[in-house]
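Undergrad: Have a look at this one before I ask anything.
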Amino acid sequence: MSLDYIISVVKPMLQGAQMTVLLFFIAIIVSIPLGFLLTLAAKSSFKPLAWLAQTYIYVVRGTPLLLQLLIICFGLPMLPVVGPYLVFDRFVAACIGFIINYAAYFAEIFRGGLLGIDKGQYEAAQVLGLNKWQTMTRIILPQMFRIALPAVANESVTLIKDTALLYAVAVPELLHYAQAAVNRDFTIMPFFLAALIYLIMTVIMSLIFQQLEKRLRFE
Amino acid sequence: MAFIKITNLKKSYKKLDVLKKISFAVEKNDVLAIIGPSGSGKSTLLRSLVRLEDVDGGSMLIDGGYLVKDGMYSKPADLKNITSKMGMVFQHFNLFPNLTVKENLELAPKLVKKESRKQIAAKSTELLEKVNLLPWSNSYPANLSGGQKQRVAIARALMMDPEILLFDEPTSALDPELTQEVLQVMKQLANERMTMIVVTHEMGFARDVANRVMFLDNGAFVEAGTPEEIFDHPKNERTKAFIAGYGQ
Ligand SMILES: Nc1ncnc2c1ncn2[C@@H]1O[C@H](COP(=O)(O)OP(=O)(O)O)[C@@H](O)[C@H]1O
Ligand SMILES: [Mg+2]
């Protein structure tokens, strides 16, 4: 297997990987804050809102991401009346799908993080005269993120791997080019190269989170 | 006029009456020790004062302002003003683990008080010195012993210049060899004429430091008096039995 061949296969794959990385960042940047808002909504004392958020989290986590992507990319446009307005660029549609899905997972993670915070923290803050907002931003959120960090790291690694689902909705990404090369050249090599690229991305991600965890040890 | 005057305070959880029409007063510079068996309502009483619990009836008059009058709470601005006169030290310290010792002290004053950064920094240095923890300023609570944590908690409460400090079993979560360093700080505060209400099982401390002791049992004060009266000449049978249990 010549180096030239490897380069010729890897080049389009790396281009495809740009899609992967782009999707990853869009999904992470939007779904983490959205997930947190969902957590707050699910805990809201305004019952209809809490119910809505809980149902959302329940439904999204209880159904396959692939199915959700297929619905958004191919299903929504078939709806009567509104369908024609729901035709998105495939990549945009995929981003929406990932955000919807991952927000629910992050919401669940943050909910767990909030449960891990002792109620004495709220009480001490109240007695010291902090208002709700100050308590949330200065005391609760930093601790919640700290508790949630390992799970967030896990979820982020999963997200990188889940981007391979773009293949199923025909957005050309890493896996798409690997598959094309396998079919064309009848060799398994491109798959291994794809695996290696995914591995590099997930390892980098894990290292970043390890550093973050070290910095936020509060020790 | 008494600094704190409590009349007929009532509190229940569902059918359980936790505070049964409690009345008492605290004068400025008092060190009031509240003793009593577990579950008698000591924590609930302290927590009601700083509004961590809402009461169901009675009045609490604090420094001339009603926190609650005949079961009716004052308006939010007044509540805030009244509760800001009280500091609280908890059994489990409740330090903020995401902040260093110094940050624990300075957070609330920075957010709540109208003092300059410089004033706040000077005060935190002074208080950390007072509780003997200045070298630990930049440590996180996770790296402190229980006794050190509780001393930080006391300093943190003092940062807000409270008129009165409430202690809820401040040494109960500590290893026995660490209780003295905390009691020592409290003793020093008492010597400086700090007004304090201390819920405690440290009978030696109550006897030496408090000027008044009240015995709470089953949601009601059974007996109150000077340390000598309560510890040496208790009148009530239940008080006698409780004190005897501590093998004085
Ligand atoms: N949130 C609560 N819900 C129901 N019962 C409570 C609650 N908090 C305290 N209690 C009950 O109130 C009584 C008094 O509790 P507490 O004030 O903590 O007693 P102490 O501090 O003297 O041990 C106990 O019987 C306790 O079980
Ligand atoms: Mg208690």
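Undergrad: Take the solvent-accessible surface of the protein heavy atoms, probe 1.4 Å, and return the percent of it on the range A:3-217 that carbon and sulfur atoms account for. Display every interim value, and only then the final one.
TA: On the way: 8260 of 11640 Å².
Here carbon and sulfur together make up 71 percent of the probe-accessible area.
Undergrad: What is the ratio of the Cα radius of gyration of the range B:106-150 to 2.2 N^0.38 Å, where N is its residue count, to two decimals?
TA: For the range B:106-150, the normalised Cα radius of gyration comes out at 1.23.
Undergrad: State the Cα centre-to-centre distance between the range B:107-161 and the range B:10-25 in whole Å.
TA: That distance is 35 Å.
Undergrad: For chain A, modelled as a Gaussian network with Cα springs under 10 Å, which listed residue fluctuates most, A:Leu159, A:Leu76, A:Leu23?
TA: The residue that fluctuates most here is A:Leu76.
Undergrad: Identify which of B:Arg156, B:Arg117, B:Arg51 has the largest mean-square fluctuation in a Gaussian network model of chain B, with springs joining Cα atoms closer than 10 Å.
TA: Top of the fluctuation ranking is B:Arg117.
Undergrad: Here's a follow-up. Which of the residues in the range B:81-109 show a loss of at least 30 Å² in accessible area from their chain by itself to the complete set of protein chains, at a probe of 1.4 Å?
TA: B:Phe90, B:Asn94, B:Phe96, B:Pro97, B:Asn98, B:Leu107, B:Ala108
Undergrad: Return one whole number: the accessible area per residue of the protein assembly as shown in Å², for a 1.4 Å probe. Before the final figure, lay out each step's value.
TA: Values: 22980 Å² over 467 residues.
Normalised by residue count, the accessible surface of the protein assembly as shown is 49 Å².
Undergrad: Let me ask you something else. What would the Debye equation give as log₁₀ I(q)/I(0) for the range A:105-219 at q = 0.17, 0.18 Å⁻¹, counting only Cα atoms as equal point scatterers?
TA: -0.88, -0.94
Undergrad: Rg/Rh for the range B:1-143 to two decimals, with Rh computed the Kirkwood way over all alpha-carbon pairs. Before the final figure, lay out each step's value.
TA: Details: Rg = 17.8 Å, Rh = 17.4 Å.
Rounded to two decimals, Rg/Rh equals 1.03.
Undergrad: Describe numerically, in nm with one decimal, the distance between label points set 7 Å from Cα along Cα→Cβ at B:Ala173 and at B:Leu79.
TA: Those two pseudo-labels are separated by 2.5 nm.
Undergrad: How big is the range B:48-127 in terms of Cα radius of gyration and Dmax, in angstroms?
TA: 15.5, 43
Undergrad: Less than 18 Å from a label point 7 Å out along the Cα-to-Cβ axis of A:Ala168: which backbone N atoms in the range A:84-125 qualify, by residue?
TA: Only A:90-105 fall inside the zone, counting backbone N under 18 Å.
Undergrad: In Å, the Kirkwood hydrodynamic radius of the range A:58-140 over pairs of distinct alpha carbons? Walk me through the numbers on the way to the answer.
TA: On the way: mean 1/r = 0.0637 Å⁻¹.
Across the range A:58-140, the inverse of the average 1/r is 15.7 Å.
Undergrad: Compare A:Phe91, A:Phe191, A:Phe46 in a GNM of chain A, Cα atoms joined below 10 Å, and give the one with the largest fluctuation.
TA: Per the Cα network of chain A with a 10 Å cutoff, A:Phe46 tops the list.
Undergrad: Suppose only helical runs count, i.e. DSSP H with n ≥ 4. What mean residue ellipticity at 222 nm does that imply for chain A under -39500 (n - 2.57) per run, divided by all residues and rounded to the nearest 500 deg cm²/dmol?
TA: Details: 8 runs with 157 residues, N = 219.
Taken over chain A, the calculation gives -24500 deg cm²/dmol.
Undergrad: Next question, about the same structure. How large is the translational diffusion coefficient of the protein assembly as shown in µm² per second when you combine the Kirkwood radius over alpha carbon pairs with Stokes-Einstein at 37 °C and 0.692 mPa s? If you can, show how the numbers build up before the last one.
TA: Details: Rh = 26.5 Å.
D = 124 µm²/s.
Undergrad: Please report, largest first and rounded to whole Å, the three semi-axes of the ellipsoid equivalent to chain A, where each semi-axis is the square root of five times an eigenvalue of the C-alpha gyration tensor. Let's see the in-between values first.
TA: Details: eigenvalues 294, 119, 24 Å².
Taking √(5λ) for each Cα gyration eigenvalue gives 38, 24, 11 Å.
Undergrad: Take the solvent-accessible surface of the protein heavy atoms, probe 1.4 Å, and return the percent of it on the range B:1-157 that carbon and sulfur atoms account for. Could the numbers behind the result be given before it?
TA: Numbers: 3460 of 6970 Å².
Carbon and sulfur together cover 50 percent of it.
Undergrad: So, one more: Using a probe radius of 1.4 Å on protein heavy atoms only, what is the accessible area buried between chains B and A, both sides summed, to the nearest 100 Å²?
TA: Numbers: alone 11880 and 12960 Å², together 22980 Å².
In total, chains B and A hide about 1900 Å² from solvent.
Undergrad: Equivalent ellipsoid semi-axes for the range B:114-190, as square roots of 5 times the alpha carbon gyration tensor eigenvalues: give them largest first, rounded to whole Å. Provide the component values of the computation, followed by the final result.
TA: Values: eigenvalues 93, 47, 20 Å².
Listed largest to smallest, the semi-axes of the range B:114-190 are 22, 15, 10 Å.
Undergrad: Right, another one. Return the Cα extents of the range B:4-68 along principal axes one, two and three, sorted largest first, each rounded to a whole Å.
TA: Between the extreme Cα coordinates on each principal axis of the range B:4-68 lie 34, 24, 19 Å.
Undergrad: Translational D (Stokes-Einstein, µm²/s) of chain B at 37 °C and 0.692 mPa s when Rh comes from the Kirkwood sum over C-alpha pairs? Walk me through the numbers on the way to the answer.
TA: On the way: Rh = 18.7 Å.
In µm²/s, the coefficient is 176.
The values are calculated or read from the model by the stated rules, or taken from the named source; none is laboratory data. These numbers come from a predicted model, not from an experiment. Ideal geometry is used to build each Cβ from the backbone, glycine not excepted, and the neighbour counts take in all protein chains shown. Protein only, heavy atoms only, side chains kept; ligands, DNA and RNA dropped before computing areas. Shrake-Rupley method; radii C 1.70, N 1.55, O 1.52, S 1.80 Å.
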